[in-house]
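Below: the structure, in structure tokens.
The values are calculated or read from the model by the stated rules, or taken from the named source; none is laboratory data. Model, not experiment: these values are computed from the prediction. Positions of Cβ are backbone-derived with ideal geometry, glycine not excepted, and every protein chain shown enters the neighbour counts. Heavy atoms of the whole protein, side chains included, go into the accessibility calculation; ligands, DNA and RNA do not. Shrake-Rupley method; radii C 1.70, N 1.55, O 1.52, S 1.80 Å.
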Amino acid sequence: MSETLLKVSNIETFYGPIQAIRGVSIEVKQGSIVTVLGANGAGKTTILRTISGVLDAERGEVSFQGQNIGGLTPDRVMRQGICHSPEGREIFPFLSVAENLMMGSFTRNDKDEIARDLEMCYGYFPRLKERAQQRAGQLSGGEQQMLAISRALMGQPKLLLLDEPSLGLSPILVTQIFEIVKRINRERGVAILLVEQNAHIALKTADYGYVLEVGRIVMEDRCAVLMEKDDIKEFYLGQKDSGARGHRRWKKKKLWR
Ligand SMILES: Nc1ncnc2c1ncn2[C@@H]1O[C@H](COP(=O)(O)OP(=O)(O)O)[C@@H](O)[C@H]1O
Ligand SMILES: [Mg+2]
């Protein structure tokens, strides 16, 4: 049994009077990839923001390596080893690609290792090396996503939070970027918490998954198991003739009789 790295217990998070998260518990084990699937507005981004300290949970607990990190500021959370690639990438458009990457290492002062990590990012994403001196705002959507992930890597994470890296990208690019995410996990031992609307790629990438609906976890299991569930097939993978629909049709027939 591998060790628990992140434990989110029964958190409730609000935006003013609006409750976005209604008692969510999530666990990420050392070195694993965990996904939270959910439609637009389900609360995925809010969960990541609560973990990274951008928002505070009203109730519940977030612990990392056995320590309570609830209430810490985002930079303190980052120093613990949790780095966030946010929704919409949030790169600095007027800074160069290289400068954006250096921003990701602002909590560190180990110069030599920072230089090595920069080369590591360029190794994973050679496009970024080619464009190192260009303004980040001139990058394509896919390249900006690569930059957002790399900037998070520059913080030397033990846990990487990825908010919808597939958003707005072509299927080929999505496949390429997720291949690299898997390599980062495998080669660097970085655990990953991935939130996604794209259930296809998320279930293929992660080991374990949670399904979030309107601020609540409604299902969780190993991804291999989730993939075979009729509800997941119909509502998240868009397989129209899945058993879920067949089952309802069958129930309807019974009612008519
Ligand atoms: N800044 C905000 N102020 C008020 N409500 C918000 C804000 N951000 C998100 N919400 C609401 O919180 C809920 C969850 O949003 P979010 O976490 O962004 O979902 P997701 O990332 O799954 O699309 C939604 O109902 C959304 O409208
Ligand atoms: Mg979101």
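Please work out which residue is nearest to ligand 2 (Cβ to nearest atom), limiting yourself to region 211-222 and to residues that are in contact with an Asp or Glu (Cβ under 9 Å, 6 or more places away or on another chain) and open to solvent by less than 10 Å² (accessible area, probe 1.4 Å).
Ranking the qualifying residues of region 211-222, first place goes to 215.
Considering (1) in contact with a helix residue (DSSP H, G or I) (Cβ under 6 Å, 6 or more places away or on another chain); (2) in a strand (DSSP E or B); (3) open to solvent by 10 Å² or more (accessible area, probe 1.4 Å); (4) not basic (Lys, Arg), say which one residue 54 fails and leave the rest.
Against the list (1) in contact with a helix residue (DSSP H, G or I) (Cβ under 6 Å, 6 or more places away or on another chain); (2) in a strand (DSSP E or B); (3) open to solvent by 10 Å² or more (accessible area, probe 1.4 Å); (4) not basic (Lys, Arg), residue 54 comes up short only on (2).
Only residues that are open to solvent by 60 Å² or more (accessible area, probe 1.4 Å), of a type outside the set (Ser, Thr, Tyr) and assigned to a strand (DSSP E or B): list them for region 4-19, please.
Within region 4-19, 7, 10, 18 qualify.
Restrict the check to region 80-89 and report whether at least one residue is crowded, with 22+ Cβ neighbours inside 10 Å, in contact (Cβ under 8 Å) with a residue 12 or more places away in the chain, within 19 Å of residue 220 (Cα to Cα) and under 17 Å from the mean Cα position of the chain (by Cα).
No; the residues of region 80-89 include none that is crowded, with 22+ Cβ neighbours inside 10 Å, in contact (Cβ under 8 Å) with a residue 12 or more places away in the chain, within 19 Å of residue 220 (Cα to Cα) and under 17 Å from the mean Cα position of the chain (by Cα).
Test of understanding: among 60, 70, 41, 23, which residue is in a loop (DSSP other than H, G, I, E, B), away from ligand 2 (no atom under 16 Å from the Cβ) and either of a type in the set (S, T, N, Q) or open to solvent by 10 Å² or more (accessible area, probe 1.4 Å) (or both)?
Every option except 70 fails the conditions.
Given (1) in contact with a Ser or Thr (Cβ under 9 Å, 6 or more places away or on another chain); (2) more than 28 Å from residue 223 (Cα to Cα), where does residue 73 come up short, assuming only one miss?
Only one criterion is unmet by residue 73, namely (1).
May I ask you to say which residue of 138, 134 is closer than 13 Å to residue 99 by Cβ, surrounded by fewer than 20 Cβ atoms within 10 Å (Cβ to Cβ) and over 16 Å from the mean Cα position of the chain (by Cα)?
Values: 138 fails: closer than 13 Å to residue 99 by Cβ.
Exactly one residue qualifies, and that residue is 134.
Name the residues in region 26-38 that are surrounded by fewer than 21 Cβ atoms within 10 Å (Cβ to Cβ) and assigned to a strand (DSSP E or B), would you?
26, 27, 29, listed by residue number.
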